[in-house]
Structures are given as structure tokens and as C-alpha cells.
Amino acid sequence: MRVNEVLVPGGVEGWWIPTYLAEEHPELTTLEGIMENPDLVGGTFNNCPDGWGCRVVNDNLIRAIDLESSGLDVFNHGSGETLATSMASAYENEEPWFGYYWGPTVPLGQYDMTKVEIGEVDPEVHARNQNPDSDNPGVSDFPAAPILTSVTADLADREPQVVEFLGKMEWETDTMSSLLAWMEENNANAEETAVYFLRNYQDTWSGWLNDAARENLSALLQQG
Amino acid sequence: MATYDFVFDALGLRGWCGEASTDTDAPMSMDELLAQSGGGGGGAAPAVSLWELPFPSMDALNDACAAFPQSRELTQGLERGFLNAKDAMSFVLDPLTQPLSWALESALYGILTTPWWIVIPILMAITWFVSRSWGLLAFVTLSIAGLAFIDHYDYAMQTLAIIFVCAFICVLIGVPIGIAMSRSDSFQNGAIPVLDMLQTLPPFVYLIPLIFLFSVTEPKLYGIAIILYAIVPVIRLTNLGIRMVDPHVMEAAEAFGMTRRQKLYGVQIPLALPNIMAGVNQTIMMSLAMVVIASLVSAPGLGVLVLRGIRNLELGVGLVAGLGIVILAVILDRVTKASLARINAQQKS
């Protein structure tokens, strides 16, 4: 039983450049700008590892826009770890970087990245791009993937209050990413992150609860 | 309160411990939050029986004393230390290992841009040159042709190129190290623990610092990983081979008044050659074993297909690529064994 979409706007995917690069060269936030200045983004597009869904889409997009004609090399990473590390080390040295990533994830929470505009989101073209060896790949940005809260019908019968709460629970993808980044920075576990969230994001969670529960929880936190 | 309070109280360190921090940014567990607000099971924690006594670990001591570091700070400290040393290390190691990147890049470029009707005859010629066996030549030709027939030629050649470069560098570095070990007992004693460590360390573990040290888009990343893993047998067997040379032969060489250099090149290395060749064979086999793991750090070749097979549960792709690696392994093993047999036969006659 679907209750709610928990993340707003949902899982984001796309092609990114570091924000410091976007501020220095605003033309790089569009694909045309990047293809005209391949050197400014380091001359490399960091692609997904083989076997990932995004690899198929990226390969089709690369064919559709003929990315390599602009002088950009496509580097196919061997695993998600090297993809993340390439982004992290480029960011830490303030070097140019251009590649695929997705959120909510630790790196997107930790590093300030700007999404490159590929074009309009066209669900039909995107569906075509998800097909390997597609005959006519098109240009379409990545649509946001819905991330749902689902419960069994049984739970809805037994605990209507809990389900009502879950129905209200939603937060932004950026919040999720920054929480993940906090967790990574402090080597914290999930429970400690939950406490951190309760103590620092009151605005977010206060809308989820009914009045009595909100007062209970605030009182608990006030004492602390 | 916590079990080990008495330790700090007895040592008079209570003042150093200080109060628990009230910083909202500091990590805090759910239990602590409940305990703080007094909602947790009525005040004082239940007394801990001897049976449940926690080991005085860093986390348990931290419970009693907030200033005592938690064990996660150990991993954090290690990470910070490594990141601080990283710049200096990559400053030295980066130029030093750059030729490896060039070698791998040019080998991959060379083997893929040369047409197949040149590469396959060259491989056949090498096989013939080292083995002089018609049967083996036919087997190698058929295997490579079979791989090419199922459109795995490019992947197989990439893998082969990587292995050739890495195994060559292993021999280039490993044989001199082995010779040095055979000549000095103290160097041998120092080197053996390092070799043991290289062999037993899970290959993934030394990928981690490598990823931090070098740019992940450089081919030397997987080159170093393969070499570190595969260099061990050639060092060990070179050392062993030279040490196993019959002492009577060495005595005779000495009686002829040979210098150390003459003894090494004229007596020890020729007599140890079967062992050294066995080491080369093992080194090639071990570098092949690293192919799939190296693909995790972006090595091209058959390993990529195996990984794709695993990730997407494409059983066929994975099986065919795995079989391709087996075929390459059999070819390389047979060819090096055949040359080993030839050397043995020559020495007997």
C-alpha cells in the first residue's frame, strides 16, 4: 500500500560539475557550454561502471549528443567507489570535474555540486535511452525518481496513527544528503543520526506529527 | 552511571573527564537522549552483574568519562594521518610510477590498433619460439581464434596486454630482489615478512590507499595493484633457486677463481633458471587472478564483463567472460611450462 512520496523531489540523477567551477564559468552549467569548452571541465566525462542502469542511459545520451566530437574523453569507471573518489579528490583539490552522479548520497551531501542542464525531461525519450543499443537515442534529462513510503494493508488496519504519520512524512532530497554527509563526517551510526535530525531539524519534523505528539517530543528534547 | 566510573574516580581523573558536551552537533545515541531527559527507565542505570561485565574497551571507558576517546576516533585519526601524509607520498610516488601508466597505455593502444591478422601471428610466433611444439601452437591458435569468433577478441587482448606489461615489470623488479635476498641473510629476513604480508593481505585492502594516492583515471592504479600481488612468487623462487644451487658446484667455481659476478651470471643464474621460470609462471598466473579485481579500479578487459555479469545477473555474459579468462590462463600456463620443460631438457643434456 503506497502511503506517500517520502523524498521531495525524489531521487535525483544527472550530470554534475562542482559549484565552484560553475561560479567561475557560468557557461558550463549547460551542455552546450561544456561541449564548447571541454578543457574547462578537465576534458573527461566520468561515466558509470559497466552494468549500472545509468551506464546504458549515459551511453545513449553520449551517442545522441555526440559528446566525444567536442574533444571530451569518456572515462568508464570500474566501480562506484572510483567514481565517487574521482569526484571527491577533484573537489578537494578544487580541480575541474564533470560526470554522472545521483542522490541522495554521501558525496552529494558533502560536496556542493551543480547540475548540468542536458535538456528537457522527456519521459518517452528517457525510456528509449534505457534500452541498450537503442536505434535512435534522444536527448532527455534524467527525470526525478519517486521514492515511496509503502506499508502493508495489515499495518494500516492495526496502526492507523502510525500510517497517518508516515503519510505526512516527507523531506527534501538535499536534507537527506546533508544528513548522510554529517553521518559520514562524524563516523556516526544511523541511530545517532536520527537524534541529530531530531535536535537540529525541528522545522522539518514538526509538520509530520499531531499536536500532542509534537509537544511530547519537544518536551523531551527541551530537557536534554 | 557507567561500569568503569570507578577507574577514573580512583585515579583522580574526574576533573579531566569534564561534563558531557551539550553541543547539538556531536553524535548522540537514542539511549543517551532518553537518559538525558530522564525518560529512560527511572533514573540510575541498573547495576551490571559480573556476567554482563563489558570489556574495558574504548567505547565502554568513554561511557564513564566523556574525555576518553571513542574507538571511532581511532579510525578517524588513521584516516586523517593518511590524508596528511598523502600529498608528500604522491609527490614522490607519482613521477616514480608514471612510466607504468605509459607502458600500460601504450600496450593497450598498440594491441588494439594493430589489426588482428598481425597480432595473432605474432602471438603464434612467440608460442613457437618458446615452446617449439606443434601441438601447443595449434592449441593457442585455436583458443585465440575461438575467443575472436565469439567477439571477445578486444577484451581478451586488453587483458593479455595488461598481463604482459605487469608480468614483465614483475620479472624486471622481482629477479634482482630475489638475487639480493639470496646473497644477504639479513635482507632475506627483512624481506620475507613483507612478502608474506603482500601475499595474505586481501587485494581489496591495498586498493584503498592506492585510490587515494593516485588519480583514479590513471591505468597505473590497477598496474600497481596487480604487480604488488603477483611479484611475490618470482622473488621467492629466484631466492630459493639460487640458494639451492649445489654447494659443490659453487666450490668448484671458486676453485677456478671465478669472481662473484662470474659466479652469479655463469653458475648460479643458469642453474637456478628452472626455479626462476617456475616463479615467472606463477607470477603470470597470479596477475591473471587479479584481472577481475583490477577491473573494479577501471582496468579494461574480460574482468569488466565478469563484473557486468555479476551486477546485472547476466549469467551468460559472466560465464563466457570467466571461461575466456580460464582459456587465457591455460594458454599462458602451457606456454611458460613448455619453455620451462625445454630449459630443463637442455640442462640435462
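The values are calculated or read from the model by the stated rules, or taken from the named source; none is laboratory data. In this text the structure is predicted, and so the values were computed from the model without any measurement. As a convention, Cβ positions derive from the backbone with ideal geometry for all residues, glycine included, and neighbour counts pool all protein chains shown. When the accessible area is computed, the model is the full protein with side chains, heavy atoms only, and any ligands, DNA or RNA have been set aside. Shrake-Rupley method; radii C 1.70, N 1.55, O 1.52, S 1.80 Å.
Just a few scattered comments:
- Scattering curve values for chain A, log₁₀ I(q)/I(0), Debye with Cα scatterers, q = 0.18 Å⁻¹: -1.30
- With the cut-off at under 13 Å, measuring from each backbone N in the range A:101-134 to a point 7 Å along the Cα-to-Cβ line of residue A:32 picks out A:117-120.
- Counting only DSSP beta bridges whose two residues both lie in the protein assembly as shown, roughly 60 percent are antiparallel.
- Extension gain for the segment residue B:142 to residue B:88, taken as residue separation times 0.36 nm less the Cα-Cα distance, is 14.4 nm to one decimal.
- Helix A:173-185 axis, angle to chain A major axis (alpha carbon atoms, nearest 10°): 90
- Applying 0.36 nm per residue to the separation of residue B:330 and residue B:72 and subtracting their alpha-carbon distance, the gain on full extension is 88.2 nm.
- Normalising the average separation of contacting C-alpha pairs (under 8 angstrom, six or more residues apart) by the number of residues puts the relative contact order of chain B at 17 percent.
- Summed residue charge, Cβ within 15 Å of residue B:267's Cβ, Lys/Arg positive, Asp/Glu negative: +2
- Spacing of the modelled spin labels on residue B:51 and residue B:201, each 7 Å from Cα toward Cβ, amounts to 4.5 nm.
- Entry note, the range B:64-158: relative contact order of 23 percent, from Cα contacts under 8 Å with a spacing of 6+ residues.
- In the protein assembly as shown, one over the average inverse separation of all distinct C-alpha pairs is 28.9 Å, which is the Kirkwood hydrodynamic radius.
- Positive minus negative residues near residue B:183 (Lys, Arg vs Asp, Glu; Cβ under 12 Å): +3
- Residue B:251 versus residue A:174: modelled label distance in nm, points set 7 Å from Cα along the beta carbon direction: 8.5
- Fraction of beta bridges assigned by DSSP in the range A:1-109 that are antiparallel (%, nearest 5): 50
- Summary value for chain A: 31 percent relative contact order, contacts being C-alpha pairs under 8 angstrom separated by 6+ residues.
- Residue of A:152, A:204, A:30 that the Gaussian network model of chain A assigns the largest fluctuation, springs spanning Cα pairs under 10 Å: A:152
- Here's the list of aspartates and glutamates a cross-link from residue B:263 could span, going by alpha-carbon distance under 20 Å and ignoring same-chain residues fewer than 8 apart: B:185, B:246, B:251, B:254.
- Mean ellipticity per residue at 222 nm, deg cm²/dmol - from DSSP H runs of n ≥ 4 across chain A, formula -39500 (n - 2.57): -13500 deg cm²/dmol
- Put simply, the amide H of residue A:117, placed in the peptide plane, has neighbours under 5 Å in A:30, A:31, leaving out anything fewer than 5 places away on its chain.
- Taking chain B as a whole, the Cys residues whose C-beta sits 4.7 Å or farther from every other Cys C-beta are B:166, B:170.
- Listed by chain and number, the lysines placed with their C-alpha closer than 23 angstrom to that of residue B:220 are B:86; residues fewer than eight positions away on the same chain are left out.
- Buried surface for the B/A pair, taken as the accessible area of each chain alone minus that of the pair with a 1.4 Å probe, is close to 2700 Å² in total.
- Electrostatic bookkeeping for residue B:127 treats Lys and Arg as +1 and Asp and Glu as -1; over the other residues with beta carbon under 13 Å from its beta carbon, the sum is +3.
- FRET E, pair residue A:23, residue B:217, Förster distance 41 Å, beta-carbon r, rounded to 0.05: 0.95
- Global form of the range A:9-129, assessed from the alpha-carbon gyration tensor, a/c cut-off 1.5: rounded
- Residue mean of other protein chain beta carbons inside 10 Å, A:84-93: 3
- Among B:57, B:133, B:182, residue whose mean-square fluctuation peaks in a GNM of chain B (springs only between Cα atoms under 10 Å): B:57
- Distance from the Cα centroid of the range A:128-171 to that of the range A:18-86 is 27 Å (rounded to whole angstrom).
- Ranking by accessible area, most exposed first, for B:155, B:206, B:109 with a 1.4 Å probe: B:109, B:155, B:206
- Calculated diffusion of the range B:82-348, Stokes-Einstein form, Kirkwood radius summed over Cα pairs, 37 °C and 0.692 mPa s, µm²/s: 163
- In plain terms, the bigger the Kirkwood radius, the slower the diffusion; for the range A:3-70, with that radius from Cα pairs, at 25 °C and 0.890 mPa s, Stokes-Einstein puts D at 178 µm²/s.
- Taking 7 Å steps out from each Cα toward its Cβ at residue A:222 and residue B:117 produces label points 8.8 nm apart.
- Counting, for every residue in A:182-193, the Cβ atoms of other protein chains within 10 Å of its Cβ and taking the mean gives 4.
- Highest-fluctuation residue, A:180, A:166, A:83 considered, GNM on chain A with Cα pairs under 10 Å: A:166
- Residue A:165-residue B:102 FRET efficiency (beta carbon distance; Förster radius 56 Å; 0.05 resolution): 0.40
- Inverse of mean 1/r across different Cα pairs in the range B:134-266, Kirkwood, Å: 18.1
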